[in-house]
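S.K.: Mind having a look at this structure? Questions to follow.
The values are calculated or read from the model by the stated rules, or taken from the named source; none is laboratory data. Not measured: the values here are computed from a predicted model. Please note: Cβ atoms are built from the backbone with ideal geometry, for glycine as well, and neighbour counts cover all protein chains shown.
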Amino acid sequence: MRPVRTLLVLGFSLGMAMILACKKPEPTPEPSRPTPTTPKVEPPPADTRAPVDNARPADMSAAKYAEFQKAAQAALKDINFDLDQSDIRDMDRPKLQTIASFMKAYTSARLMIEGHCDERGTVEYNLALGDRRAAAAQSYLSGLGVNRDRLNTISYGKEKPKVTGTSEESFLINRRCEFKLQN
Amino acid sequence: MRRTILRMWKGMLLGMLPACGLFLSAQAPPKPGGQTEVTVDARQGKLGVGLPNPLVAGLDTAEVTNNFTEVLRRDLEDAGPFALLKDRLPTTVEAATVKPWLDAGAEWVLSVKVTKNGEAITVALQVLDVKATSQGEGKQLRYAFSKNYSGGASLLRRIAHTVADDLVDRLTGERGIANTRVVFVRQMAPGIKEIFQVDRDGANPIQLTRYGSLTLSPTVAPDGRLAYVTYKGGSPELWGQKKPGGVHERLYPTAAAGTQGSCYAPIWSPDGKRLAFTQSDRRGNSDIVVLDVQGGRVRKLTDGGFINTEPSWNPAGTQIAFTSDREGGPQVYLMEEDGSNVRRLSGEGSYNASPSWSPNGAMIAYVSRFEGKFDLFIYKLGEGKAYQITTGVASSESPAWAPDERRLVFSSNRGGNMQIWVTDLSGNAVKRLTEFTYCQSPKWTRSR
C-alpha cells in the first residue's frame with residue numbers, strides 16, 4: 001500500500017469538506033470521450049439480502065435513523081477502477097475517506113463491499129478481479145481505521161452491470177465497488 | 001468413395017486448421033449435362049443420403065415429419081460427412097427405384113417405418129446400399145445397416161438422434177453427437193440467472209435451477225450430475241448433485257469447512273469424483289482447489305497471492321489447465337493435479353484465458369483478447385502452436401468442446417446480445433443455438 005498515513009489527513013479533510021459542501025462528487029467521466037452515449041440504468045435486481053431499512057439498530061431513534069440513512073446515502077458512493085486493475089485510484093481516495101468517516105460516526109454500521117467489472121473479459125476471471133477490487137477497498141478502509149470485521153466483501157464479476165452500453169464511459173461506471181449497508 | 005470420405009473426415013480433425021475447407025476446396029466448375037459430376041460437386045465429397053418419407057402406422061404423419069424425419073435430416077446435415085439429397089427424388093425404396101436413386105447421387109437410402117402401438121413407438125430402419133445393390137446380382141436389395149428402435153411415444157426425437165449417431169458410427173467408426181445436450185446460464189432478469197439446457201439441435205429447453213438468484217458456471221459429470229455456483233445464500237457457494245438424478249445440495253463450503261471465501265468456476269474431474277474450483281481469500285486472491293465430493297476433503301493446488309481460476313482437467317484427470325495473472329495479465333498455464341510443474345501455455349497477447357481441454361487431450365481451446373474484443377483459439381499440444389478459430393467484430397467467450405472434439409460451443413454477442421453458438425474447428429460453420437434474452441457459460445455433454 002502507498003503512503004496511506006500522509007494521505008490520511010489530506011483525505012480526511014477532503015472528505016469532510018465534501019460532506020459539508022454536500023456536493024455530488026462523482027462520477028468522473030473520462031475527458032477524451034468523443035460520443036458518450038447516455039448509459040441506461042437497469043432496474044435494481046431483486047436482491048435476497050437485507051435492504052437498507054432493516055439495518056436500523058434497535059437502540060436508534062427514528063429521527064436518528066433518518067439522519068443515519070441520509071449520511072449513508074451521502075457517504076456510500078461507488079469508486080471506479082482502471083481496466084483490468086484493482087488499485088485504488090488517487091481520485092477515489094477522498095470517497096473512501098468519506099466512507100471511513102461515516103463508519104466512525106456510526107459505529108454499529110456494517111458494510112458489504114461489492115466488487116464489479118465491465119463486460120469485457122471472461123466470466124470467471126472477472127469474478128476473481130471483482131474480489132480483488134472489493135479486497136482493495138476493504139484494505140484501504142481498514143488502513144483508515146475501520147475494523148475489518150465491519151467490512152465484508154463479495155464479487156459479482158461482470159454479472160451485475162450498473163449501466164448497459166459499450167462506451168468507455170459505461171465501462172468505467174461498471175468497473176466499480178459499491179458499498180451497501182448490512183445488518 | 002467411403003474411403004475418401006473417411007480420409008477427409010479424419011483429416012478434418014487433425015489437419016483442418018486454419019485453412020479448413022478440405023470440403024470447400026474440392027469444388028469444381030459445374031458441367032451442364034454432366035449429371036454425376038454436378039451431384040458430386042454439390043455434395044463436396046460427402047456421402048449422398050436419400051431420406052424418403054417414412055412409412056407410418058398408428059400415428060399422425062405430421063408428427064413423424066416434425067419429430068422424426070426433420071430431426072434426423074438436420075442431425076445428418078449437421079454431422080458433417082453426409083449430404084442429404086433434396087430435389088426430384090424417388091419416394092420409395094424398392095428394386096424399381098434403385099436406378100433413380102443411383103442417378104440422383106444416393107449412396108445410402110434410409111428406409112424407415114414408424115409404428116405406434118399403445119404408448120410404444122417402434123422405428124424400423126434399413127439403410128439401402130445403392131451402389132452394392134445396383135452392382136449386385138438380380139433384384140436383391142443390399143443394406144449397409146439395419147436396426148430396430150423402440151421407446152415411449154414421447155421419445156421420437158430421441159430415437160431420431162440415436163439413428164443419426166448410429167449412421168455416423170457406421171460410416172466413420174466414431175460416435176456422433178446428435179444425442180447430446182448443452183447446459184448453460186440464462187439471464188431471467190438483471191442480476192438473476194438460472195441454469196438451463198437444450199438439446200444439441202436447440203430443441204427442448206429445460207430450466208434446471210429455480211433459485212431466483214445469481215446462479216452461474218454449470219459443469220456436468222459424465223453420469224449427468226450437475227454442479228454450479230449460486231449466490232442464493234448471499235455469497236457464492238458450490239451446489240450440485242452427489243448422485244445421478246439426486247437432489248441439489250451444497251457441495252462447498254462443507255459444514256466442516258464453515259464459511260470461508262467465495263467459490264467459482266467448478267469443473268468435474270473426468271471420473272466424476274472430484275470438483276476443481278476456485279476459492280478466493282480475504283486478500284482478494286484466488287486459488288484452485290480440488291474437492292473430493294463424497295469425502296468432503298479439499299486440497300489447495302495454487303498458492304502465492306495471485307488470481308488462479310478457470311480450471312480445466314485433461315481427459316486423464318492428471319493435469320489441469322488454468323488462468324493466472326502471476327506474470328501480470330491473465331495467461332493460460334498447465335500444472336499437475338497436485339499443483340506441481342506449473343508452466344505457461346499461452347504465448348502472444350495480453351489477455352489469454354478460459355482454457356478448455358479437448359476430450360481426447362490433444363488440444364486446448366481458450367479465448368484471447370485482440371483489439372478490444374475476444375476470439376476463440378485452439379492450442380495444439382503436439383505442435384505447440386495456437387490457431388485462431390473465430391474472427392469478427394463481436395466477442396466470443398467460454399469455449400467448451402463437443403464430445404466428438406469436432407466443434408466448440410461458446411457464448412458470443414455477434415447477434416446482438418449474448419447467446420450460445422456452435423462452431424466447427426475451421427470457424428466457418430458458425431450456428432446459433434439459443435434465442436433467449438442473455439445466455440453464457442455453455443457446457444456440452446453426452447449424459448442425458
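S.K.: Can you pull out the residues in region A:108-147 that are under 14 Å from A:GLN182 (Cβ atoms), surrounded by fewer than 22 Cβ atoms within 10 Å (Cβ to Cβ) and not acidic (Asp, Glu)?
M.R.: A:SER108, A:ALA109, A:ARG110, A:MET112, A:ASN147
S.K.: Let me ask something additional. Say whether the condition of being in contact with a Pro (Cβ under 8 Å, 6 or more places away or on another chain) and acidic (Asp, Glu) is met by at least one residue in region B:430-448.
M.R.: no
S.K.: Still on this structure: Limited to region B:138-159, what total is found for residues that are of a type outside the set (Gly, Ala, Ser) and surrounded by fewer than 14 Cβ atoms within 10 Å (Cβ to Cβ)? Don't jump to the end; show me each part of the working.
M.R.: Applying the first criterion (of a type outside the set (Gly, Ala, Ser)) to region B:138-159 yields B:139-143, B:145, B:147-149, B:155-159.
Applying the additional criterion that residues be surrounded by fewer than 14 Cβ atoms within 10 Å (Cβ to Cβ) yields B:139-140, B:148.
Result for region B:138-159: 3.
S.K.: If you don't mind, another one. Determine if region B:175-184 includes at least one residue that is within 14 Å of chain A (Cβ to nearest Cβ) and touching a Ser or Thr at 6+ places or on another chain (Cβ under 8 Å).
M.R.: Just the residues of region B:175-184 that are within 14 Å of chain A (Cβ to nearest Cβ), to begin with: B:184.
Keeping just the survivors that are touching a Ser or Thr at 6+ places or on another chain (Cβ under 8 Å) gives B:184.
Checked region B:175-184: at least one residue is within 14 Å of chain A (Cβ to nearest Cβ) and touching a Ser or Thr at 6+ places or on another chain (Cβ under 8 Å).
S.K.: When you go through (1) within 24 Å of B:VAL422 (Cβ to Cβ); (2) more than 14 Å from chain A (Cβ to nearest Cβ) one by one for B:SER346, which number turns out not to apply?
M.R.: The single condition B:SER346 does not satisfy is (2).
S.K.: Answer with yes or no whether B:GLY202 is small (Gly, Ala, Ser), assigned by TED's automatic domain parsing to the domain that holds B:CYS439, free of Cβ contacts under 8 Å to residues at least 40 places away in the same chain and in a loop (DSSP other than H, G, I, E, B). Please lay out each step first, then the result.
M.R.: Working: small (Gly, Ala, Ser): yes; assigned by TED's automatic domain parsing to the domain that holds B:CYS439: yes; free of Cβ contacts under 8 Å to residues at least 40 places away in the same chain: no; in a loop (DSSP other than H, G, I, E, B): yes.
In short, no.
S.K.: Name the residues in region B:93-137 that are under 15 Å from B:THR69 (Cβ atoms), surrounded by fewer than 16 Cβ atoms within 10 Å (Cβ to Cβ) and more than 31 Å from the chain's Cα centre (by Cα), would you?
M.R.: none
S.K.: Yes or no: region B:249-272 includes at least one residue that is among the polar types (S, T, N, Q), in contact with a His (Cβ under 8 Å, 6 or more places away or on another chain) and over 18 Å from B:SER354 (Cα atoms).
M.R.: First, the residues of region B:249-272 that are among the polar types (S, T, N, Q): B:254, B:259-260, B:262, B:269.
Applying the additional criterion that residues be in contact with a His (Cβ under 8 Å, 6 or more places away or on another chain) yields none.
Scanning region B:249-272, I find no residue that is among the polar types (S, T, N, Q), in contact with a His (Cβ under 8 Å, 6 or more places away or on another chain) and over 18 Å from B:SER354 (Cα atoms), so the answer is no.
S.K.: Could you check how many residues of region B:416-448 are within 23 Å of B:PRO270 (Cα to Cα) and assigned to a loop (DSSP other than H, G, I, E, B)?
M.R.: 4
S.K.: Of all residues in region B:185-204, how many are away from every other protein chain (no Cβ under 14 Å) and aliphatic (A, V, I, L, M)? Steps first, answer last, please.
M.R.: The first filter runs over region B:185-204 and keeps only residues away from every other protein chain (no Cβ under 14 Å), leaving B:196-204.
After this cut, where a residue has to be aliphatic (A, V, I, L, M) as well, the list is B:198, B:203.
Residues that pass the stated criteria total 2.
S.K.: Restricting to helices (runs of 4 or more DSSP H) lying wholly in region A:69-183: which have 1 or more residues that are modelled with pLDDT of 95 or more, within 11 Å of chain B (Cβ to nearest Cβ) and within 17 Å of B:SER262 (Cα to Cα)?
M.R.: A:123-143
S.K.: Follow-up. Would you mind finding the one in B:VAL293, B:VAL298, B:VAL332 that is touching a residue at least 40 places away in the same chain (Cβ under 8 Å), more than 26 Å from the chain's Cα centre (by Cα) and surrounded by 13 or more Cβ atoms within 10 Å (Cβ to Cβ)? I'd like the intermediate steps shown before the answer.
M.R.: Values: B:VAL293 fails: more than 26 Å from the chain's Cα centre (by Cα); B:VAL332 fails: more than 26 Å from the chain's Cα centre (by Cα).
Going through B:VAL293, B:VAL298, B:VAL332 in turn, just one is touching a residue at least 40 places away in the same chain (Cβ under 8 Å), more than 26 Å from the chain's Cα centre (by Cα) and surrounded by 13 or more Cβ atoms within 10 Å (Cβ to Cβ): B:VAL298.
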